[in-house]
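The values are calculated or read from the model by the stated rules, or taken from the named source; none is laboratory data. Just so it is clear, the model here is predicted, and its values are computed rather than measured. Cβ: placed from backbone, ideal geometry, glycine included. Neighbour counts: every protein chain shown.
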Amino acid sequence: MARYQESFEELVGFSRSMDRMLSSLLLQENGQSSSMFRPPTDVYETHENVVILIEIAGMDPDRIQVEFTDRILRVSGRRSDQHHRAACHCLEVQYGEFASEVYLPGDYAVDAIAAEYKDGFLTITLPKVKPEPKLIAVSAMD
């Protein structure tokens, strides 16, 4: 069981690294500034939905743009620095333009995608569309 957990954790780490790398490439490909940052982003599935959770505290929800096109969910905005500092000892919170892009294979009910901002987290829920089996008529050959 421990080996399974280890393998799972390695897979999750690899998946996060690949997601960051691909997002970085997508941002550069779209001609975005290199000063843009990517907030921490989780992507997970339930039986009914794919959920994207983005940690982006200190935002006005009206200043966050969410777009889903060609299987890519893109969240962007700008977090302004409102703090006046006399001296800085440690600066880890990022400010300025941000974007997070996630490639999402599958089919979704686009009209039912929902986004909610609460306690510094943006949660985007994409309802999955279950494929309907298609019956194919069989014709007789003469």
How many of the residues in region 46-71 are without any contact (Cβ under 8 Å) to a residue 24 or more places away in the chain and either in contact with a Pro (Cβ under 9 Å, 6 or more places away or on another chain) or of a type in the set (Asp, Glu) (or both)?
4
Examine region 88-101 for a residue that is surrounded by 13 or more Cβ atoms within 10 Å (Cβ to Cβ) and free of Cβ contacts under 8 Å to residues at least 60 places away in the same chain, and state whether such a residue exists.
yes
Considering only residues that are assigned to a loop (DSSP other than H, G, I, E, B) and among the acidic types (Asp, Glu), look in region 81-110 and name the one that is modelled with the highest pLDDT.
Asp107
So Ile136, is it at pLDDT 90 or above, under 20 Å from Asp42 (Cα atoms) and either surrounded by 11 or more Cβ atoms within 10 Å (Cβ to Cβ) or β-branched (Val, Ile, Thr) (or both)
no
For Glu45, state whether it is acidic (Asp, Glu) and touching a Lys or Arg at 6+ places or on another chain (Cβ under 6 Å).
no
Suppose we keep only residues that are charged (D, E, K, R) and at pLDDT 95 or above within region 39-61. Which one would you say is nearest to Val93 (Cα to Cα)?
Glu55
If you go through region 12-22 one residue at a time, do you hit one that is touching a Leu at 6+ places or on another chain (Cβ under 8 Å) and either at pLDDT 80 or above or β-branched (Val, Ile, Thr) (or both)?
no
Search result, residues across region 38-50 that are surrounded by 14 or more Cβ atoms within 10 Å (Cβ to Cβ) and in a strand (DSSP E or B):
Thr41, Asp42, Val43, Asn49, Val50
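Out of everything in region 61-87 that is under 25 Å from Asp111 (Cβ atoms) and charged (D, E, K, R), what residue ends up being surrounded by the fewest Cβ atoms within 10 Å (Cβ to Cβ)?
So the first thing to find is which residues in region 61-87 are under 25 Å from Asp111 (Cβ atoms), and the list is 61-77.
Imposing the further condition that a residue be charged (D, E, K, R) reduces the set to 62-63, 67, 70-71, 74.
Details: Asp62: 8, Arg63: 11, Glu67: 10, Asp70: 5, Arg71: 12, Arg74: 17.
Filtering first and then ranking leaves Asp70.
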Restricting the first residue to region 131-142 and requiring it to be closer than 28 Å to Ala109 by Cβ, which pairs with a second residue that is surrounded by 10 or more Cβ atoms within 10 Å (Cβ to Cβ) and of a type in the set (Lys, Arg) meet a Cβ separation below 8 Å and a spacing of at least six or different chains?
none
For Phe68, work out the one condition from (1) of a type outside the set (S, T, N, Q); (2) part of a strand (DSSP E or B); (3) at positive phi it doesn't fulfil.
(3)
Is it true that Ser33 is surrounded by 13 or more Cβ atoms within 10 Å (Cβ to Cβ) and either of a type in the set (Asp, Glu) or at pLDDT below 90 (or both)?
no
